[in-house]
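J.: The structure under discussion is supplied below as structure tokens; questions concerning it will follow.
The values are calculated or read from the model by the stated rules, or taken from the named source; none is laboratory data. Here the structure is a predicted model, which means the values were calculated and not measured. As a convention, Cβ positions derive from the backbone with ideal geometry for all residues, glycine included, and neighbour counts pool all protein chains shown.
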Amino acid sequence: MLSADFMKLGAEIDMINESEADWFHLDVMDGRFVPNISYGMPIIAQMKKRAKKTFDVHLMVEDPERYLVEFKNAGADYVTVHYETGYHIHRTLTAIRTLGMKAGLAINPHTPVEMVRDFIHEIDLLLVMSINPGFGGQKFLPLTYNKIRQAKDLITKAGSNTLIEIDGGVTLENAAEIIAAGADVLVAGNTVFSSPDPKDTIKRLKGVGK
């Protein structure tokens, strides 16, 4: 939703409701962990009143454990925190699940997949950043394909049901290769909201690989 037109946010939410998209992906940025600032709990709570689908909240913030209860109350279904944010990741993931939400763990482009091995049974979602986090509209980093394959291998060998989510630079041109590498969830912001027909673009993305 970072790429949506916030002057007509209600209409953008209705479009997603009516489309074949499964989730709303909500990027929360604090201006510290990443250089940009986006929106927080009050906006998400207002969006939840109109949205009819799963809220996938991606926290690009320092000290994410401070805000978990507030995001739960705002309507988050999934909360994803970054591996790079601190030393108490296991405690934070446990807290997310204890609050009744699905727990996600994100890794930046140059964080090795191997770093999440010890968490793979603690997470419902592994978010592999395919751009450097902080801004929408960036180009997909090709190194991501190998990271997806590594993540899929790790999850399969562990016998885990963790989903692999890819965020950044997803387009109609690269979606098939991303899925073929092993991704389960594609985040498409600019590709959808800059399209002349967003619902059709979502439909075409959903049809990739089928």
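J.: Got a number for residues in region 1-31 being out of contact with any Pro (no Cβ under 8 Å at 6 or more places or on another chain), assigned to a helix (DSSP H, G or I) and in contact (Cβ under 8 Å) with a residue 24 or more places away in the chain?
T.: Residues in region 1-31 being out of contact with any Pro (no Cβ under 8 Å at 6 or more places or on another chain), assigned to a helix (DSSP H, G or I) and in contact (Cβ under 8 Å) with a residue 24 or more places away in the chain: 8 in total.
J.: Tally up the residues in region 57-76 that are without any contact (Cβ under 8 Å) to a residue 60 or more places away in the chain, in contact with a strand residue (DSSP E or B) (Cβ under 7 Å, 6 or more places away or on another chain), crowded, with 18+ Cβ neighbours inside 10 Å and not aromatic (Phe, Trp, Tyr), please.
T.: 7
J.: Residues of region 77-103 being touching a helix residue (DSSP H, G or I) at 6+ places or on another chain (Cβ under 8 Å), touching a residue at least 40 places away in the same chain (Cβ under 8 Å) and crowded, with 20+ Cβ neighbours inside 10 Å, which ones?
T.: His82
Conditions tested, residue by residue: (1) touching a Cys at 6+ places or on another chain (Cβ under 9 Å); (2) farther than 21 Å from Lys102 by Cβ; (3) of a type in the set (A, V, I, L, M, F, W, C).
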residue	(1), (2), (3)
Leu141	no, yes, yes
Lys147	no, yes, no
Ala151	no, no, yes
Leu154	no, no, yes
Ala158	no, no, yes
Asn161	no, no, no
Gly168	no, no, no
Thr171	no, yes, no
Ala176	no, yes, yes
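J.: Right, here's the next one. Counting only residues that are in contact with a Gly (Cβ under 7 Å, 6 or more places away or on another chain) and either in contact (Cβ under 8 Å) with a residue 60 or more places away in the chain or crowded, with 16+ Cβ neighbours inside 10 Å (or both), which one in region 127-140 is nearest to Val28 (Cα to Cα)? It would help to see each step written out before you state the result.
T.: First, the residues of region 127-140 that are in contact with a Gly (Cβ under 7 Å, 6 or more places away or on another chain): 127, 129-131, 136, 138-140.
Still in the running and either in contact (Cβ under 8 Å) with a residue 60 or more places away in the chain or crowded, with 16+ Cβ neighbours inside 10 Å (or both): 127, 129-131, 136, 140.
Values: Leu127: 14, Met129: 14, Ser130: 17, Ile131: 16, Gly136: 12, Phe140: 20 Å.
Across region 127-140, the extreme among qualifying residues is Gly136.
J.: Which residues, taken from region 189-201, are within 12 Å of Glu12 (Cβ to Cβ) and part of a helix (DSSP H, G or I)?
T.: Scanning region 189-201 gives Val192, Phe193, Pro198, Lys199.
J.: Looking at Thr144, is it buried (at least 21 other Cβ atoms within 10 Å of the Cβ) and within 25 Å of Val192 (Cα to Cα)? Please lay out each step first, then the result.
T.: Details: buried (at least 21 other Cβ atoms within 10 Å of the Cβ): yes; within 25 Å of Val192 (Cα to Cα): yes.
In short, yes.
J.: Take the residues in region 12-52 that are surrounded by fewer than 16 Cβ atoms within 10 Å (Cβ to Cβ) and of a type in the set (Asp, Glu), then tell me which one is farthest from Lys199 (Cα to Cα). Can you show your working first?
T.: Of region 12-52, the ones surrounded by fewer than 16 Cβ atoms within 10 Å (Cβ to Cβ) are 14, 17-18, 20, 22, 31-32, 35-37, 42, 45, 49-50, 52.
Keeping just the survivors that are of a type in the set (Asp, Glu) gives 14, 18, 20, 22.
Details: Asp14: 11, Glu18: 8, Glu20: 7, Asp22: 12 Å.
For region 12-52, the residue satisfying everything is Asp22.
J.: Can you find a residue that is loosely packed, with under 14 Cβ neighbours inside 10 Å, under 25 Å from Val34 (Cα atoms) and modelled with pLDDT of 95 or more anywhere in region 150-160?
T.: There is no residue in region 150-160 that is loosely packed, with under 14 Cβ neighbours inside 10 Å, under 25 Å from Val34 (Cα atoms) and modelled with pLDDT of 95 or more.
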